[in-house]
Amino acid sequence: MMAKLTKNLRIVLPILLAGVLLIGCEARQENNAQKNTVSTDKANKVVQNSDPKALAIADSVIEAMGGAQAWEETKVIRWNFFGRRTHTWDKEQGRDRISIPGQNMEITLDLKSKEGTVVKNGEPLTQPDSVQKYLETGYSMWVNDSYWLVMPFKLKDPGVSLGYMGLDTTRVGTPAHKLKLTFGDVGMTPENKYHVYVDTTDHLIKQWAYFSKASDDTARFVLPWKDYNRYGNILLSGNRGSNTLSDIEVLEEWPYKQ
């Protein structure tokens, strides 16, 4: 089964990295790029067509991860995405710096305006079309890569609908509440669907399944969320089975001059 999963990941991950499979959250990320708050009172007003029990479980997840206030007050998050690139996300100011060693490139991007700078091979790019292309790619990377890390804090974002699917177990036998995430008419891939498995004991997400379309019965992949650790005042998990989000840090300030 692990060999099959690894083979599937080899197919899925390049699509993700190309920005085609942006996991249905682009518009939700854009709307929250500066504040990224998960205030329970606000969230209850914007989440549409959701099951009350699913909403309550989502609240328990956010609380177990450190709470809405701790997330709101988190300023800067840094992590490496599967060994391919490193993000330094200034959550407070709504900007991200992406270091891509394989391309000898660094992208610094304002997440609201989508403006920024691109440095390749140590030299700033000045050709407008090239700069725009790389900035758009960088934004897609941030949307995708951050969701792999902080999805639990975004269960109640605008445009998300939560359904309760009852009690189930993860692939390793952990008893879990099973939630269904679908999306309104937002982003590039609103047809996506997720199933997330919330541990009935510690209220942390322990597994997710991704479906290309909400009507699909078979998931494109099913991956664990393991090895939660505290960073600053929040919990984050980087273990996705055969792939890892590594070098995770929560910083108090943007570590660059600009």
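The values are calculated or read from the model by the stated rules, or taken from the named source; none is laboratory data. Just so it is clear, the model here is predicted, and its values are computed rather than measured. When we count neighbours, we look across all protein chains shown, and the Cβ atoms used for this are built from the backbone with ideal geometry, even at glycine. Surface accessibility is based on the protein's heavy atoms, side chains included, excluding ligands, DNA and RNA. Shrake-Rupley method; radii C 1.70, N 1.55, O 1.52, S 1.80 Å.
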Condition check: more than 19 Å from E63 (Cα to Cα), aromatic (F, W, Y), open to solvent by 60 Å² or more (accessible area, probe 1.4 Å) and in contact (Cβ under 8 Å) with a residue 40 or more places away in the chain. Does Y210 satisfy that? no
Considering region 59-88 alone, what residues qualify as being within 26 Å of D202 (Cβ to Cβ) and among the hydrophobic types (A, V, I, L, M, F, W, C)? V61, I62, A64, M65, A68, A70, W71, I77, W79, F81, F82
Which is assigned to a strand (DSSP E or B) and either at pLDDT below 95 or open to solvent by less than 10 Å² (accessible area, probe 1.4 Å) (or both), of S242, S237? S237
Out of the residues in region 119-134 meeting the condition of being surrounded by fewer than 19 Cβ atoms within 10 Å (Cβ to Cβ) and touching a residue at least 12 places away in the same chain (Cβ under 8 Å), tell me which one is nearest to P255 (Cα to Cα). V119
Working only within region 213-231, note down all residues that are open to solvent by less than 70 Å² (accessible area, probe 1.4 Å), touching a Leu at 6+ places or on another chain (Cβ under 8 Å) and either acidic (D, E) or within 19 Å of W71 (Cα to Cα) (or both). W225, Y228
Looking at G116 and the list (1) in contact with a strand residue (DSSP E or B) (Cβ under 6 Å, 6 or more places away or on another chain); (2) within 28 Å of K206 (Cα to Cα); (3) surrounded by fewer than 23 Cβ atoms within 10 Å (Cβ to Cβ), which single condition is not satisfied? (2)
Confirm whether M165 is modelled with pLDDT of 95 or more, out of contact with any Cys (no Cβ under 9 Å at 6 or more places or on another chain) and of a type outside the set (K, R). yes
Looking at T200, T174, which one is free of Cβ contacts under 8 Å to residues at least 40 places away in the same chain, over 28 Å from R85 (Cβ atoms) and either surrounded by 21 or more Cβ atoms within 10 Å (Cβ to Cβ) or in contact with a Pro (Cβ under 7 Å, 6 or more places away or on another chain) (or both)? T200
Taking the condition assigned to a helix (DSSP H, G or I), within 19 Å of L245 (Cβ to Cβ), modelled with pLDDT under 95 and of a type outside the set (F, W, Y), does S146 pass? no
Tally up the residues in region 92-113 that are in contact with a helix residue (DSSP H, G or I) (Cβ under 8 Å, 6 or more places away or on another chain), crowded, with 17+ Cβ neighbours inside 10 Å and either among the basic types (K, R) or more than 18 Å from V76 (Cα to Cα) (or both), please. 1
